[in-house]
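Trainee: Next up is a structure, given as structure tokens.
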Amino acid sequence: MNQEFDRNVQTKKEREKKLSLYLVSFFNWITGGRYAMGEDISSIGIKPLGDRIYTRGKVTKVYSIHGFPFEFAPEFTQFMRNELRARYPNVQINFQIINTPLTLNVNNELFLKQMRAATEKYEQFKGVFESLSDSDKALGVRHRISAGSVLSFSKDDVEAKKRVVDSYKIVTDKVNSGSALVYSYIFIHATAPSNRVMNQFVTAIRNRIQSLKLQFRPVSSLLNAYLENFGPAAFLTTDPSKYGQAFLHDENVVHILPTATEGLVNTEGILMGINVKNASPLFLEFFKSGAGQTIMLCARTGWGKTHTAFQMVLSLLGDGCHVGVIDLKGNEYNKLAEYTECLEITLGGITPRCVNTLRLDDMSLSKADCMEAYRNAIDGTVRVLSLMTNLKPEEGNPIDLNSILEKAVTTLYNQSGIVPTNPDTFQLTKTLQYEDVLKYISELENVQSNPEIISEVCKMARFRCGDFLKTGGRFSEAFKNEITLDEVINSPLVIYSLDKNTQDDLDTVETIKVFMAQFLSTKKHHFRKRLGEQSALFSEEVQRMQDSSDIVKFLSSSVTGARSQNVMNVFLLNDLNRLDSGSFTAIKNNVSTAIIGSVSESDIKKLVVDYGFADIEQDIRTILADQEQYKNCFAIQYNTGYQHGNTMLKAYLPSNMNRSLRTRTIRE
């Protein structure tokens with residue numbers, strides 16, 4: 001009797017257990033598994049339900065990446081982790097990548113036919129798009145061509161078809177150059193401690209993947225098959241097309257490997273410091289694209305701008321780049337002489353140095369590049385004389401002054417036998433001096449047909465320039481000791497020191513000296529560019545040059561156009577408001593990388609609205625919110641033409657170097 005009772009009880013428990021199991025399974029099926037309870041799973045169990053996988057105390061969601069752009073550059077795993085780790089520290093992200101080598105014949109008729117078809121489709125779409133009005137181009141046009149079918153013409157549609165054509169070309173180039181091609185299964189595993197956290201995380205990870213313009217899908221209703229094919233100790237047994245494959249070449253593979261963490265793999269470029277978000281070295285390649293680079297380094301005084309610049313200078317020197325520095329305060333960058341060959345040139349003090357912008361005999365020019373150097377010399381000399389004249393708005397038109405000075409300098413060259421297209425004649429500039437230009441300004445002053453205002457401007461220019469150039473002039477002693485290109489051409493680090501350790505703006509003589517240093521650096525850049533070598537110029541406290549429009553215009557021209565190639569310009573400043581002057585517009589418009597520390601609220605707004613650096617707004621605010629933890633840290637948004645992204649940066653040098661390179665204003 002007791003045995004029969006026990007048997008009935010056992011049978012009832014089994015039925016209840018089975019019924020509970022079926023009910024749980026049915027409930028999980030209709031809810032997509034969103035309400036599965038971790039405590040119902042054994043410590044060694046794994047249960048795929050709905051769109052997620054459950055283990056005890058953990059919930060995992062799987063995404064499959066099946067469309068990967070060939071031109072993708074950032075380190076994929078690092079890009080995914082950076083923002084998500086900060087926002088969801090209790091969610092773990094893992095990557096699984098399985099590559100299968102692919103042999104592709106890019107010369108057979110089928111491949112070429114498909115490539116031609118893709119090209120024709122792109123050209124047709126492009127033609128239709130170009131024929132649209134500006135408003136239709138901006139908004140896009142949709143045509144219903146049949147029930148349920150819509151033909152769309154928008155910029156995104158045209159670019160998508162261009163990417164298809166580009167992919168055929170890239171594949172062809174890769175195969176012909178011997179590169180490997182692969183089909184890849186790429187899975188992202190997001191593991192959260194609960195369904196609630198996972199449901200919050202889902203939107204963030206989808207937005208992050210979409211921002212990379214990848215094609216992806218969550219793995220759902222296939223999780224049993226996924227685990228059987230891609231889980232531990234599994235092998236592929238079912239149709240691979242269910243999961244989707246990305247078509248990659250070998251360079252893509254490097255960028256998506258889980259080990260391709262920024263700073264540890266693919267570390268070409270210069271060492272900027274430490275990526276605060278992942279404690280890895282941050283390397284940036286500024287010269288690979290061939291375009292000139294403009295970097296803005298901005299923070300309040302004492303936040304570590306110069307120390308960060310030290311890190312960059314030493315890294316650039318180690319990479320074979322030559323560096324010039326305009327050190328307004330003086331006695332800062334010369335500390336680097338302990339670690340590298342260095343030439344310091346004093347622009348102020350008892351024996352100040354100067355540059356003769358008229359000289360062209362020191363550049364070994366060919367017919368191919370002599371015209372650019374000739375125009376650069378005229379432009380530089382005009383700006384020096386314009387700074388000396390210091391024409392006030394009420395005294396005349398700066399355009400008239402520059403026109404007068406250009407005519408005078410050009411006439412001096414012509415009368416001296418210098419032919420712009422014949423570099424052999426440039427040796428004749430060796431003996432020319434600024435004072436020689438005054439004679440031709442005087443001739444223009446006495447032209448009877450000139451309006452009276454022009455004669456007045458000529459007289460003013462001749463008289464004021466004489467203060468700097470004529471023997472016995474008030475400032476003539478400051479312009480006697482000439483620096484030549486030969487002195488600086490072979491020095492990897494040239495420091496132009498002014499020893500003006502105040503916050504005052506530059507006076508006229510100081511402004512002219514800084515301009516001359518900029519000009520000599522530009523000549524060195526031009527010389528090295530012809531050899532395919534890189535140069536960089538660091539300009540400290542550029543905001544103190546606000547009222548010196550001539551020097552700012554020259555700085556602006558050095559960051560645009562042909563002369564900017566293979567050149568990196570770094571501007572250090574502590575107040576963005578000082579760049580609101582119209583003369584700074586070209587610099588502002590060409591900033592490609594911003595390194596921002598502790599700044600004001602108004603500066604943050606300018607960075608977001610005027611400069612387009614919205615991606616680092618939150619990082620800047622993080623620095624401001626906890627200035628002790630993020631002491632001397634900088635938010636950086638970079639676009640080198642080869643790499644782009646954003647993170648937080650801190651310069652780290654060996655402790656012995658930190659002591660010897662300590663600046664006067666750096667925070668404890």
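Trainee: For the range 172-192, which residues satisfy the criterion of being touching a residue at least 60 places away in the same chain (Cβ under 8 Å) and within 20 Å of ASN108 (Cβ to Cβ)?
Mentor: THR172, LYS174, VAL175, ASN176, SER179, ALA180, LEU181, VAL182, TYR183
Trainee: With the condition kept exactly as written, say whether any residue in the range 324-338 is among the small types (Gly, Ala, Ser), within 25 Å of ASP379 (Cα to Cα) and in contact (Cβ under 8 Å) with a residue 60 or more places away in the chain.
Mentor: Checked against the condition, which is being among the small types (Gly, Ala, Ser), within 25 Å of ASP379 (Cα to Cα) and in contact (Cβ under 8 Å) with a residue 60 or more places away in the chain, the range 324-338 yields at least one hit.
For every residue, the table says whether it meets (1) surrounded by 16 or more Cβ atoms within 10 Å (Cβ to Cβ); (2) of a type outside the set (Phe, Trp, Tyr); (3) in the same structural domain as THR60 (by TED's automatic domain parsing).
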residue: SER131; (1), (2), (3): no, yes, no
residue: SER135; (1), (2), (3): no, yes, no
residue: LEU151; (1), (2), (3): no, yes, no
residue: VAL165; (1), (2), (3): yes, yes, no
residue: PHE187; (1), (2), (3): yes, no, yes
residue: ALA190; (1), (2), (3): yes, yes, yes
residue: MET198; (1), (2), (3): yes, yes, yes
residue: PHE201; (1), (2), (3): yes, no, yes
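Trainee: Please work out if GLU452 is closer than 18 Å to PHE515 by Cβ, among the charged types (D, E, K, R) and loosely packed, with under 14 Cβ neighbours inside 10 Å.
Mentor: Numbers: closer than 18 Å to PHE515 by Cβ: no; among the charged types (D, E, K, R): yes; loosely packed, with under 14 Cβ neighbours inside 10 Å: yes.
Against the criterion (closer than 18 Å to PHE515 by Cβ, among the charged types (D, E, K, R) and loosely packed, with under 14 Cβ neighbours inside 10 Å), GLU452 does not qualify.
Trainee: Another question, then. Condition (residue is surrounded by fewer than 19 Cβ atoms within 10 Å (Cβ to Cβ), farther than 30 Å from SER366 by Cα and without any contact (Cβ under 8 Å) to a residue 60 or more places away in the chain) applied to the range 411-431: is it met by at least one residue?
Mentor: no
Trainee: For LEU624, all conditions in the list (1) of a type outside the set (S, T, N, Q); (2) out of contact with any Pro (no Cβ under 8 Å at 6 or more places or on another chain); (3) over 15 Å from ARG300 (Cα atoms) hold save one; what is the number of the exception?
Mentor: Condition (3) is where LEU624 drops out.
Trainee: Conditions: (1) exposed (fewer than 14 other Cβ atoms within 10 Å of the Cβ); (2) modelled with pLDDT of 85 or more; (3) in the same structural domain as PRO89 (by TED's automatic domain parsing). GLN210 meets all but one. Number of the miss?
Mentor: That leaves (2) as the condition not met.
Trainee: Oh, and also: So, in the range 339-375, how many residues would count as being in contact with a helix residue (DSSP H, G or I) (Cβ under 8 Å, 6 or more places away or on another chain), polar (S, T, N, Q) and surrounded by 20 or more Cβ atoms within 10 Å (Cβ to Cβ)?
Mentor: 1
Trainee: Across the range 156-196, what is the total count of residues that are in contact with a Leu (Cβ under 8 Å, 6 or more places away or on another chain) and not hydrophobic (A, V, I, L, M, F, W, C)?
Mentor: So the answer is 3.
Trainee: List the residue pairs whose Cβ atoms are under 6 Å apart, where the first residue sits in the range 155-166 and is in a helix (DSSP H, G or I), the second is surrounded by 15 or more Cβ atoms within 10 Å (Cβ to Cβ) and among the basic types (Lys, Arg), and the two are 6 or more positions apart or on different chains.
Mentor: VAL158/LYS126
Trainee: Now for a different question. Which residue, of ARG462, ARG528, is more than 14 Å from GLY348 (Cβ to Cβ), modelled with pLDDT of 90 or more, charged (D, E, K, R) and crowded, with 17+ Cβ neighbours inside 10 Å?
Mentor: One residue alone meets the criteria, ARG462.
Trainee: Of all residues being over 20 Å from LYS529 (Cβ atoms) and in a loop (DSSP other than H, G, I, E, B) in the range 477-498, which is farthest from the chain's Cα centre (by Cα)? Just the residue, please.
Mentor: The residue in question is LYS480.
Trainee: Can you tell me which of (1) in a strand (DSSP E or B); (2) hydrophobic (A, V, I, L, M, F, W, C); (3) without any contact (Cβ under 8 Å) to a residue 60 or more places away in the chain is the one PHE463 doesn't meet?
Mentor: Of (1) in a strand (DSSP E or B); (2) hydrophobic (A, V, I, L, M, F, W, C); (3) without any contact (Cβ under 8 Å) to a residue 60 or more places away in the chain, only one is false for PHE463: (1).
Trainee: Could you identify the single residue in LEU181, LEU110 that is surrounded by fewer than 16 Cβ atoms within 10 Å (Cβ to Cβ) and at negative phi? Quick ask: steps written out before the conclusion?
Mentor: Working: LEU181 fails: surrounded by fewer than 16 Cβ atoms within 10 Å (Cβ to Cβ).
Result of the check over LEU181, LEU110: LEU110.
Trainee: Name the residues in the range 635-644 that are surrounded by 20 or more Cβ atoms within 10 Å (Cβ to Cβ) and either in contact with a Phe, Trp or Tyr (Cβ under 8 Å, 6 or more places away or on another chain) or among the β-branched types (Val, Ile, Thr) (or both), would you?
Mentor: If we filter the range 635-644 for residues that are surrounded by 20 or more Cβ atoms within 10 Å (Cβ to Cβ), which is where we start, we get 635-638, 640, 643.
ILE636, GLN637, THR640, listed by residue number.
Trainee: Do you know which of the residues in the range 285-298 that are surrounded by 23 or more Cβ atoms within 10 Å (Cβ to Cβ) and hydrophobic (A, V, I, L, M, F, W, C) is farthest from ILE489 (Cα to Cα)?
Mentor: CYS298
Trainee: Moving on to the next point. Would you be able to say whether some residue in the range 615-624 is surrounded by fewer than 21 Cβ atoms within 10 Å (Cβ to Cβ), basic (Lys, Arg) and more than 18 Å from GLN311 (Cβ to Cβ)?
Mentor: So the first thing to find is which residues in the range 615-624 are surrounded by fewer than 21 Cβ atoms within 10 Å (Cβ to Cβ), and the list is 615, 617-618, 621-622, 624.
Narrowing the set further to residues that are basic (Lys, Arg) leaves 621.
Now restrict to residues that are more than 18 Å from GLN311 (Cβ to Cβ): 621.
Looking for residues that are surrounded by fewer than 21 Cβ atoms within 10 Å (Cβ to Cβ), basic (Lys, Arg) and more than 18 Å from GLN311 (Cβ to Cβ), one finds at least one in the range 615-624, hence yes.
The values are calculated or read from the model by the stated rules, or taken from the named source; none is laboratory data. Model, not experiment: these values are computed from the prediction. Cβ coordinates were reconstructed from backbone atoms using ideal geometry, including for glycine residues, and neighbour counts include every protein chain displayed.
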